[in-house]
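One structure below.
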Amino acid sequence: MRSNFAGICGYCEQDCASLVTVIEHFRPRSLFPDEWIAWDNLIYACQRCDFQKEEKWPGPPGNYDESYSYVSPNLVLGKQPAEAFFQYYLGFVEDAEVAGNSDSLVPGQMVPSSNLSPGNWWRAYRTIEDLDLNSDSNGNASGDERLPYIRNVYLETLIAEIESDFGDLYSNIDDARYLLQELSQPDQPFSSYVAAFARSLGLQVR
Ligand SMILES: [Zn+2]
């Protein structure tokens with residue numbers, strides 16, 4: 001299972017190398033007893049996300065209607081990938097993706113994508129809220145425990161490393177392109193956030 005998620009938590013995208021990990025049931029066993037061993041129901045997750053999710057489910061027990069579901073990190077053929085449901089506030093002035101309500105956002109914060117149907121927007125919103133993807137497991141952390149902060153430190157460190165290798169990112173974008181593509185792949189930590197950053201530079205990634 002670990003190889004399938006490449007050591008990255010399916011929910012928060014942290015590198016789990018130094019974290020306690022579990023195999024989490026996306027649809028909780030208590031509400032979906034037939035699903036306890038279904039392959040696409042198993043998520044490689046860090047303990048933080050497992051504690052946070054527990055037996056939570058936004059819909060009626062045993063109901064497979066997607067309108068009353070969370071967004072699954074598992075890729076399912078023919079379905080929108082999880083990352084299509086979310087976008088990030090990057091903290092830049094030119095971050096048009098989530099402009100408009102940026103006053104209350106901090107860099108690294110996840111929000112539902114702006115182009116979703118109302119039903120899918122609700123699913124994305126519930127996923128962020130119930131899994132506490134903008135904070136930590138107890139929901140009242142601040143500073144360096146907050147996931148947006150951790151995401152942003154990771155990205156800033158990455159940018160600093162790229163710039164020390166290639167020089168200014170904006171004027172050497174062709175040199176940095178392949179590295180950013182590689183670091184936007186799902187087997188990398190915080191890859192959705194890095195992908196959002198790469199797209200803000202006009203790079204097609206994934
Ligand atoms: Zn996690």
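Values quoted throughout were computed directly from the atomic coordinates according to the rules given, and no laboratory measurement underlies them. Just so you know, these numbers come straight off a predicted model, no measurement behind them. Here the Cβ positions follow ideal geometry from the backbone for every residue, glycine too, while neighbour counts run over all protein chains shown.
Toward the positive end of the charge dipole of the chain, with +1 on the Cβ of Lys and Arg and -1 on the Cβ of Asp and Glu, the farthest Cα among Tyr64, Asn74, Gln87 is that of Tyr64.
Show that you can apply the helix-only estimate: for the chain, add -39,500 (n - 2.57) for every DSSP H stretch of four or more residues, divide by all residues, and state [θ] at 222 nm to the nearest 500. It would help to have the intermediate numbers written out before the result.
Numbers: 6 runs with 65 residues, N = 206.
The per-residue figure over the chain is -9500 deg cm²/dmol.
Length available on full extension from Tyr170 to Leu31: 0.36 nm per residue minus the Cα-Cα distance, which gives 45.1 nm. Model label points for Gln204 and Val76, set 7 angstrom from Cα along the Cα-to-Cβ axis, are 2.9 nm apart.
Neighbouring Cβ atoms within 10 Å as the yardstick, rank Leu183, Leu19 fewest first.
On the way: Leu183 22, Leu19 15.
By the 10 Å Cβ count, ascending, the order reads Leu19, Leu183.
Evaluate the charge dipole of region 2-200 about its Cα centre and quote only its size in Debye, nearest 20, assuming +1 on the Cβ of each Lys and Arg and -1 on the Cβ of each Asp and Glu.
It works out to roughly 660 debye.
Multiplying each eigenvalue of the alpha-carbon gyration tensor of the chain by 5 and taking the square root yields semi-axes of 29, 18, 17 Å, largest first, rounded to whole angstroms.
Arrange Arg206, Arg146 by Cβ neighbour counts within 10 Å, fewest through most, would you?
Details: Arg206 13, Arg146 18.
Listing Arg206, Arg146 from fewest to most nearby Cβ atoms yields Arg206, Arg146.
Among Val22, Val106, rank each residue by its count of other Cβ atoms within 10 Å, from fewest to most, as a rough exposure measure. Please report the intermediate quantities before stating the final value.
Working: Val22 16, Val106 13.
Sorted ascending by nearby Cβ count, the order is Val106, Val22.
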